[in-house]
Structures are given as structure tokens and as C-alpha cells.
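A.B. asks: Have a look at the structure that comes next, please.
The values are calculated or read from the model by the stated rules, or taken from the named source; none is laboratory data. A quick note: this is a predicted structure, and the numbers were derived from the prediction, not measured. FYI the Cβ positions are ideal-geometry reconstructions off the backbone, even for glycines, and counts take in every protein chain you see.
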Amino acid sequence: MRLRSLRALIKVTRTNTATRSGSTCGFSHPPLLARAGVGCSDGIGESMRAAGCPRAGRGRARGENVLSTSRESAYCREMALGIQCIDIDCQDPARLARFWAQALEWRVTYESDDEWAIEPSAGSPQDGVSPDLLFLKVPEGKSVKNRIHLDLRPDDRDAEVERLIEIGASRVDVGQGEPSWVVLADPEGNEFCVLRPLTVQEIAGDEQP
């Protein structure tokens, strides 16, 4: 499934102009890294992993270092701005992270009392491409329709809707009428859409979705 639009608080990462000459990269990391007071340099992988950053070192739960330090440094130098993770406020980060990990067939890469992070499966086409999802514990519950949401592109819409409902999603009515997509909500009420499958022509690039 591909993420097409994002309705959650979006965090971005940026590099400063000094990065291009090889100095400190200026990335803005998630709260768990910021609290540790760690930034990036040409040793970005080592410093991020030392602080437990969920973005650092894909597969670190198994002791793997899929992205080498040199590749991470190149990533810093080449990108001026990129989405690192999508932060989702919630009351139960563990519950929501497990739901979304199961829904997307992703993996949990960081967990604490207040924050859980999930990433695409190691080695999958989305690994290193799709932003991570970071679930942050907050005292308040959801009260209004989200301003940003996830659109999921399945191979079989109806089968995926049924599967998602079985693992904890629910159908919701936000005034959508009867479009080609189905609106669901996760266990804490965050809306998301399951789109129709792409046609052969759309996949080939002959038509726009």
C-alpha cells in the first residue's frame, strides 16, 4: 500500500547550507533524539543510533546497519528538505502503533512509555522512502475530524477494508457520500481512506489515478 496524503502532524527534517560542504547537517530530529541533545555530523548513523532515534539504522532491532554511515551522510548532503516522520498524538501509543504496524505490515522500531515508532519492513520497496509514523502520548482525546489523514492504496479494496475492520478499524461517515474510496477510523478515531486499486493503465502510466 502507498501513502498518498497525510493527515497527522507532519515533522520535517532539514539540512543547512553548511551541510553541502560536509559540516554538521542541521537535522531536526524527533523528541526522543532532541531530548538526548544529539545532532548529526558525518557520523550521523552512530550518533542517531546512540540516542535511540527510530529513523537511524534500519533494522537496528536485529543489530543490522542497513544504511551505512556514508550513505546517511550523502542523504544529508543531497536533500535540502525531507519528511522524516509523521507524528500522531494519541492516548495509547502502544495500542495505536501496533494497529498501524499490523495494518501496513510495518515493524516497530522504537518504543517507550510516551513514544512508539514504526517503519516499513526492512528491505521492502518503502524502506527508506516512506516517512516513519511516530505515536506520541498526550492527555487529551481526539475531538474533531483530522485536518490531515492517510490514503492507503490497496490491491483489493474490499478485502483490505474487511481485514482492517477485523484488526480494530471502524467505518465512519464524514459526509463523503458514495465515492470510490472507503473512510475508516483507527482505534482512537483517526480517519483514513482505503482507495480503489489502480487500473492496469494507471500502473503503466497511461492514465492518471
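A.B. asks: Take Val144 and tell me if it is under 20 Å from Gln102 (Cα atoms) and aliphatic (A, V, I, L, M).
C.D. replies: Taking the combined requirement at face value, the residue does not satisfy it.
A.B. asks: Consider region 181-200. How many of its residues are at pLDDT below 95 and under 13 Å from Trp100 (Cα atoms)?
C.D. replies: 0
A.B. asks: In addition: Scan region 173-188 for residues that are surrounded by 15 or more Cβ atoms within 10 Å (Cβ to Cβ) and either in contact (Cβ under 8 Å) with a residue 40 or more places away in the chain or assigned to a loop (DSSP other than H, G, I, E, B) (or both) and report the count.
C.D. replies: 4
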